[in-house]
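Data first, discussion second: the structure below is written as structure tokens.
The values are calculated or read from the model by the stated rules, or taken from the named source; none is laboratory data. Quick caveat, the model's predicted, so the values are computed rather than measured. FYI the Cβ positions are ideal-geometry reconstructions off the backbone, even for glycines, and counts take in every protein chain you see.
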Amino acid sequence: MLRGSIAEPGHAESISAHDHAAVHAQLARLLESPHFRNSKRSQALLRFVVQAALAGDQNSLKERCIGAAVFGREPAYDTAQDPIVRNAAIEVRKRLAQYYLEPEHAAELRIELPSGSYMPAFPAESAATEPAATEPAAPWPKAKRSRSPSSPSVRP
């Protein structure tokens, strides 16, 4: 089982060859699923970021590098003018969420692409072992209105 995530800065954990094999097998399942099968762009991005993360190549997991390597953009392209990597990452996150919501995938190894990052995470706990959602927080109490001393009370 994978321990935590290699995505967080400061983590020097290495992933064993067995774990690499498990991640590659899960990546193959994801890419063959109906959620990814018909989206070459989502497949390409997910495959690239997972393989770069497993290789320990964090420098490749920057928006400009991904744009050049995965989507054929010039190395100096303007990421502010061309949001292809951000849009593809949003799509991958959506497809991953849909995949893992299906009960038959709940116990599988999870591959996540945290928002705001292109470094995938491999959480140690699967959705099946996570605690159930807690009850929603109680709503804030309504504020009492006080009458201003300068405004007279009007009654019909």
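Say whether the condition of being in contact (Cβ under 8 Å) with a residue 60 or more places away in the chain, assigned to a helix (DSSP H, G or I) and among the hydrophobic types (A, V, I, L, M, F, W, C) is met by at least one residue in the stretch 70-90. No, because not a single residue in the stretch 70-90 is in contact (Cβ under 8 Å) with a residue 60 or more places away in the chain, assigned to a helix (DSSP H, G or I) and among the hydrophobic types (A, V, I, L, M, F, W, C).
If I filter the stretch 57-114 down to residues being polar (S, T, N, Q) and surrounded by 15 or more Cβ atoms within 10 Å (Cβ to Cβ), which single residue comes out as farthest from E32 (Cα to Cα)? Talk me through it step by step, then tell me what you get.
Step one: list which residues in the stretch 57-114 are polar (S, T, N, Q), which gives 58-60, 79, 81, 87, 98.
Applying the additional criterion that residues be surrounded by 15 or more Cβ atoms within 10 Å (Cβ to Cβ) yields 60, 79.
Details: S60: 25, T79: 30 Å.
Filtering the stretch 57-114 for residues that are polar (S, T, N, Q) and surrounded by 15 or more Cβ atoms within 10 Å (Cβ to Cβ), the one farthest from E32 (Cα to Cα) comes out as T79.
For R47, the conditions (1) modelled with pLDDT of 95 or more; (2) part of a loop (DSSP other than H, G, I, E, B) all hold with the exception of (2). In the stretch 126-138, is there at least one residue being of a type in the set (A, V, I, L, M), in contact with a Leu (Cβ under 9 Å, 6 or more places away or on another chain) and at pLDDT below 95? There is at least one residue in the stretch 126-138 that is of a type in the set (A, V, I, L, M), in contact with a Leu (Cβ under 9 Å, 6 or more places away or on another chain) and at pLDDT below 95.
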